[in-house]
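Only the coordinates and a few stated rules stand behind these numbers; no lab work does. Not measured: the values here are computed from a predicted model. Cβ sites come from the backbone with ideal geometry, for glycine too, and all protein chains shown count toward neighbours.
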Amino acid sequence: MKLWAGRFQKDTDRAVENFTASIHFDQRLYRYDILGSIAHSRMLVKQGIIEQGEGDAIVRGLAEILDEIETDQFPWRVELEDVHMNVEARLKEKIGDVAGKLHTARSRNDQVALDARLFAKDAIRDAVERLAAVQQTLTELSRKHLGAVMPGYTHLQRAQPVLLSHHLMAYFEMFQRDVARFRAAYQRCDVLPLGSGALAGTTFPIDREAVREALGFAEASRNSMDSVSDRDFVVDYLAAAATVMMHLSRLAEEFVLWSSGEFGFVELDDAYSTGSSMMPQKKNPDVAELIRGKTGRVYGHLQAILTLLKALPLTYNRDLQEDKEAFFDTVDTLLACLELMNGMLRSARFVTERMRGAAGESFTLATDVADYLVRRGLPFRQAHEVVGKLVAYCLDTDRDLTRLTLEEYRRYSPAFDSDVLNITVTSAVGARACPGGTAPRQVDAAMQAADAIVEDNLEWLKQTPPIRLIPLT
Ligand code: ARG
């Protein structure tokens, strides 16, 4: 029998049962659900709302249920709709009618909000952990390749030489903003909704502070109506995840390009590539392509949840049940993409000779020649024009700026001296020594700052233990 069957005269239509059930996806919340129920029942005992013996029976029953679920012996039933009612109905089978006391001063509305927030806290923590791992890989690769020069691009046209490390550390910065977004999301998520009842609170003398403490929330919510309606914490997660995916997709795209024959900057490890069923020569960057592709899926989930919540009247509406699949799929997708990106990066080989060769081609030193003239007193605009003409001359005569003689330079400006011939890829990189620039000294400083940032992220992780590890007794 349904736990809410009292006022009904007919059985639920089978189609309605199937349509309204969420058990096939929300069973994933079982641990958080049981943890919440244990904390709640202990508080009921402490407040004298239920008897000690009743509370003990409930906790014992819940522990058995946890064991059944984890050993795959739990009889999940669609007609019981969701994880909350499956657990409660099973508890009744185990300990009898006293199981019915567990739901005193509680509604599924604050219960599901609790479960989802606990799940979200773990999901956020996991995201930060994987982001931190990718960041560490980026700093390691940057250290290993410090000195490797490559072309920097704008419009995907060679622009100016940069250090490979500088390019990689650009992603470190993006991922750090992502970490900051998740850490901020964690703080907003870290609010106990339990105790809000169905929407208006409860008539029982509950102790929300005790439950907050037991479940490890930073604070308890201030408005019961908000608590049961709010899914901002899901939006926060999805928005942060979408931004990570956007960053991952850019890095993935660069690896697709760099591993092509045309670029030849990177050789992907065999273990991180796949072959073609027809073309024997092929080694494809499928991992990078799939990360790029899965970005669309995560964007879609964000859009779906924003649309789900749009114009929803207070307080709980069944629409809210639709938050979970998008949320869960985003968590799984994001964590997998971060892990695979990390593995791909760690195992890739950077073809630094080829990068260096490309770094000096296509007039990447033109800005340095113009800057040279500026140091000789020419206004930058004029210097720009002189070098533009030099480039045109080179193109006409099929030359490169580095191949011109001093006489040729002087034909375009008397300000040129023999030291213009000293401009090289190495000098160009070294000259960009302003803070944030690509000079080795600055990149080194950025990497030291990065070490402190990684330290801080690791410290946060240490201070933020997983909810799933809270002991259940
Ligand atoms: N399965 C529901 C959900 O995920 C739980 C809350 C149901 N509440 C209700 N009043 N029907 O949202």
Is the shape of segment 72-111 rounded, prolate or oblate, going by the alpha carbon gyration tensor and its root eigenvalues a ≥ b ≥ c, with a/c under 1.5 for rounded and a/b larger than b/c for prolate?
oblate
Can you give me the C-alpha center-to-center distance between segment 133-206 and segment 1-20, rounded to a whole angstrom?
46 Å
Nearest 10 degrees, 0 to 90: what angle lies between the long axis of helix 323-347 and the longest principal axis of the chain (Cα atoms)?
40 degrees
Farthest toward the dipole's positive end in the chain, which of Gly147, Leu238, Ala57, given Cβ charges of +1 (Lys, Arg) and -1 (Asp, Glu) about the Cα centre?
Gly147
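Kindly flag which residue pairs out of Lys294/Lys324; Lys2/Lys94; Lys121/Lys324; Lys46/Lys101; Lys46/Lys324 have an alpha-carbon separation exceeding 21 Å in this structure. If you can, show how the numbers build up before the last one.
Details: Lys294/Lys324 18 Å; Lys2/Lys94 17 Å; Lys121/Lys324 14 Å; Lys46/Lys101 14 Å; Lys46/Lys324 33 Å.
The answer is Lys46/Lys324.
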0 to 90° range, to nearest 10: angle between helix 440-463 axis and the chain longest Cα axis
10 degrees
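Compare the peptides 258-264, 98-104 by average per-residue count of other Cβ atoms within 10 angstrom and give them in order, highest first.
In descending order of packing, they fall as 98-104, 258-264.
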Putting +1 on Lys and Arg Cβ atoms and -1 on Asp and Glu Cβ atoms, find which of Thr104, Val16, Gln135 reaches farthest to the positive end of the dipole of segment 1-140.
Thr104
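Pick out, in residue order, every one of the GluC sites (Glu not before Pro) in segment 1-75 that is DSSP loop and has at most 16 other C-beta atoms within 10 Å; say none if there are none.
On the way: sites: Glu17, Glu51, Glu54, Glu64, Glu68, Glu70; in loops: Glu51.
When the GluC sites (Glu not before Pro) of segment 1-75 are filtered for loop state and at most 16 Cβ neighbours within 10 Å, Glu51 remain.
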Quick check for me: using +1 on Lys/Arg Cβ and -1 on Asp/Glu Cβ, what's the dipole size of segment 345-473 about its Cα centre, in debye to the nearest 20?
220 debye
Trypsin sites (Lys or Arg not before Pro) in segment 287-353 lying in a DSSP loop, each with at most 16 other Cβ atoms within 10 Å of its Cβ, come to Lys310
To the nearest 20 debye, what is the magnitude of the charge dipole of the chain about its Cα centre, counting +1 on the Cβ of each Lys and Arg and -1 on the Cβ of each Asp and Glu?
780 debye
What is the helix-to-structure angle for 30-46, meaning the angle in degrees between its Cα long axis and the longest Cα principal axis of the chain, kept from 0 to 90 and rounded to the nearest 10?
50 degrees
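Per 0.36 nm of contour for each residue apart, how much would the distance between Gln157 and Thr71 grow if the chain were fully extended, relative to their Cα-Cα spacing? Intermediate values should be presented prior to the final figure.
Working: separation 86, 0.36 × 86 = 30.96 nm, distance 5.73 nm.
Answer, rounded to one decimal: 25.2 nm.
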Segment 334-401: Rg/Rh from Cα coordinates, Kirkwood Rh?
1.30
Farthest toward positive dipole pole in segment 311-392 [+1 Lys/Arg, -1 Asp/Glu at C-beta], among Met355, Val369, Thr333
Val369
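What dipole magnitude, in Debye to the nearest 20, does segment 11-57 give about its Cα centre under +1 on Lys/Arg Cβ and -1 on Asp/Glu Cβ?
300 debye
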Based on alpha-carbon centroids, what's the gap between segment 344-377 and segment 412-471 in Å, whole number please?
16 Å
